[in-house]
1. Of the conditions (1) farther than 21 Å from C:Asn96 by Cα; (2) facing another protein chain (nearest Cβ under 9 Å); (3) surrounded by fewer than 18 Cβ atoms within 10 Å (Cβ to Cβ); (4) aliphatic (A, V, I, L, M), A:Ala191 satisfies every one except a single condition; which number is it?
2. Do you know which of the residues in region B:40-63 that are without any contact (Cβ under 8 Å) to a residue 40 or more places away in the chain and assigned to a loop (DSSP other than H, G, I, E, B) is nearest to the other protein chains (Cβ to nearest Cβ)?
3. Could you grab me the full set of residues in region B:148-183 that are in a loop (DSSP other than H, G, I, E, B) and of a type outside the set (A, V, I, L, M, F, W, C)?
4. Counting only residues that are under 25 Å from C:Phe184 (Cβ atoms) and among the aliphatic types (A, V, I, L, M), which one in region A:28-51 is nearest to the chain's Cα centre (by Cα)?
5. Which condition breaks for C:Gln116 when tested against (1) surrounded by fewer than 16 Cβ atoms within 10 Å (Cβ to Cβ); (2) at pLDDT below 90; (3) touching a helix residue (DSSP H, G or I) at 6+ places or on another chain (Cβ under 9 Å)?
6. Anything in region B:101-150 that is of a type outside the set (A, V, I, L, M), away from chain A (no Cβ under 14 Å) and crowded, with 19+ Cβ neighbours inside 10 Å? List them, or say none.
7. What number goes with the only condition from (1) over 21 Å from the mean Cα position of the chain (by Cα); (2) in a helix (DSSP H, G or I); (3) more than 30 Å from C:Gln4 (Cα to Cα) that C:Met125 does not pass?
8. Report yes if A:Ser107 is crowded, with 21+ Cβ neighbours inside 10 Å, of a type in the set (Gly, Ala, Ser), more than 24 Å from A:Leu207 (Cβ to Cβ) and out of contact with any His (no Cβ under 9 Å at 6 or more places or on another chain), otherwise no.
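The values are calculated or read from the model by the stated rules, or taken from the named source; none is laboratory data. Values in this document were obtained by computation on a predicted structure and should not be read as measured data. In this analysis, Cβ positions are derived from the backbone assuming ideal geometry, glycine residues included, and neighbour counts consider all displayed protein chains.
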Amino acid sequence: MQTFGWPEALFILRSAGWTLALTAIAFFIGSILGGAFAIMRLSRVRWLRRFAAGYILVIQSIPVLMVLFMSYYGLSALGIELPPFLAASASLSIYVSAYLAEIWRGSIESVPRQQWEASASLAHTTAQTYRHVILPQAIRISLPPTVGFLVQLVKNTSIVQVVGFVDLMRAGMLVNNATYQAFQIFTLVGAIYFAICFPLSRLSRHLEKVMNASRSH
Amino acid sequence: MPAVLIEGIHKRFGSLEVLKGVSLSVDPGQVVAIIGRSGSGKSTLLRCINGLETFHAGKIEVAGHMMTQDPTKLRALRKDVGIVFQSYNLFPHLTVGQNIMLSPRITKNVPQAEALALAKEVLAQVGLSEKFDSYPDNLSGGQQQRVAIARSLAMQPKVMLFDEVTSALDPELTGEVLLVMEKLAKGGMTMLLVTHEMNFARTVADTTVFMHQGLIWESGPSKELFANPQTPELANFVKAGAH
Amino acid sequence: MLFQDVFSKWPMILHGVWLTIALSFVAIALGLVLATAMTALRSLAGSWAGYVVDAYVELMRNTPFLVQLFMIFFGLPQIGIRLNGLEASMLAMTLNLAAYATEIIRAGVDSIHKSQIEAGLALAMTKWQVLKHVVLQPAFARVWPALSSQFVLMMLASSICSFVSVQELSGTAAIIEQDTFRSFETYIVVTVLYLVLALSFKLFLNWLGRKLFPQVSGLARLTEAHGEAA
């Protein structure tokens, strides 16, 4: 049995780097997908709206674990075997896309209706209204919940080991299997997650305060 | 050729009929005040004129455009009809100058330099030249409303609609807005204003229209209307003051 | 694709569903009690208690549930407390939910305007009556949607308890998958079951909210107006 020493701690820290990389990629791809689904969700074409709504509802009503398994085994059934990092990225991107689509749709809908009216009254087209009036405001509104969701994403990367990827959590478990010092190991692992998530949570709350302050007129 | 021609407008909200056959004709340069209780349909009528509300019977012709829901034609109509709202509705993420310049630039392709000059001119007209680079957040209600008027003026409309534009303002701020509106009226702008400001209607508006239960109950030259109400409803309304 | 292999295991699946529901129920019941206690502690006991509760909430909300679970299951034995998978899961879920619920309830309580409390006291209510009728009940009514969402999320998070060999729905799926080698079919069935569970639970919670707090919309409007006036 090994002892929990520096090499083990460094292994855990390096894996934290992978967790961050995974988070970044899933957030990036998920944002693009999420934006697309948000637009679909607000479209005038009924089947597009329903499709997007269905997609979002399903993803939000199942555990992230199932999103991981379904995308992994789903792709398997189609004959596509992805290496662990790509499998994890793809699955998490799907998870992210549904939640961000909902957040962003909510942000667009919370721009006051009078802004739409004022813009339309100035003879703007719908596209111009979105581009110059609605989206700039919606993006501001969406910042606190989007950053808040980023925290959820980081925490949910902790289960990607089920598709074979060695992230921060898996690294901790591997070291635990070798050293049986769960308390110290998971304290370190927890502390690293906390160090990543806590500043983001604070940022989200700060952004919310700034937003509320500028709205109080 | 009237600037605004409204004929037989009927409008329903669900099962409630809010406009029961309204007809009105406004000549170019005429200033018409529309007064009445809440729920009389006055704001709804005004909003029909620039297409923010639809109607299921009747027709409206304004500034030479026939009212339609066809998007392209509606936009052409809206370039000639300006509206100022009770809650100003300035774009909070743009400065005052940017608020005013936006529409001319993107709907009429006015080049930047020209739009800038135009914006400065209308802003001077409402007496707020020094606020060009301020954000709406930093302005008082009265100032924001004047900017809203300038924003509409920048489109060089033929008709201006005012929807209870002083109702949300503190009393000491209504004066500055009414002054701007009076200047506009004297300058020959065709104006329709829904208002609770009885004095303003009486002194500045050529014609006053009193609405009641979705119909034009009484209308006529302002001074005459206020001095000699023909119907008990208007008499009571005038006696009670505004609201 | 053969679903038959999976469907033939329906007793196991049913047991998995049952355990998921039971785990969630226990976590929600105990978690709410704990959350209410912490909310009360925070407002009654002075600033040090507030800091402790805040620290607890921040810790639970900024670390993954899996880490918390493993801390309890693998870490506690090192200081002499040995819990089995099920016990560790119940404890972890309770503690986790309590943290989120505390935050949500706190937001609800904070939104009750001081003038409401003053009105209650002026009507000769005791402090406890004010707490119950003027603060807690309206606060719960107002945050019920947020709380319901959190409950559903917790139920979905129970899937993580499969990592400590608890045979709730996900744990059952793992076993069936090993037995039948029908990975795709197994997980489709289980995913659909989670979907049904989550949607039913949401509908149930909406119904429950209407039953428990029938006066919600009027009350919300009243207190909102007061908030603005200040």
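1. If we test A:Ala191 against (1) farther than 21 Å from C:Asn96 by Cα; (2) facing another protein chain (nearest Cβ under 9 Å); (3) surrounded by fewer than 18 Cβ atoms within 10 Å (Cβ to Cβ); (4) aliphatic (A, V, I, L, M), just (1) comes out false.
2. B:Leu52
3. Listed by number, the residues that qualify are B:Gln156, B:Pro157, B:Lys158, B:Glu164, B:Thr166, B:Ser167, B:Asp170.
4. Once the filter is applied, the top-ranked residue is A:Ile29.
5. In the conditions (1) surrounded by fewer than 16 Cβ atoms within 10 Å (Cβ to Cβ); (2) at pLDDT below 90; (3) touching a helix residue (DSSP H, G or I) at 6+ places or on another chain (Cβ under 9 Å), C:Gln116 misses (1) alone.
6. The answer is B:Lys131, B:Arg146.
7. (2)
8. no
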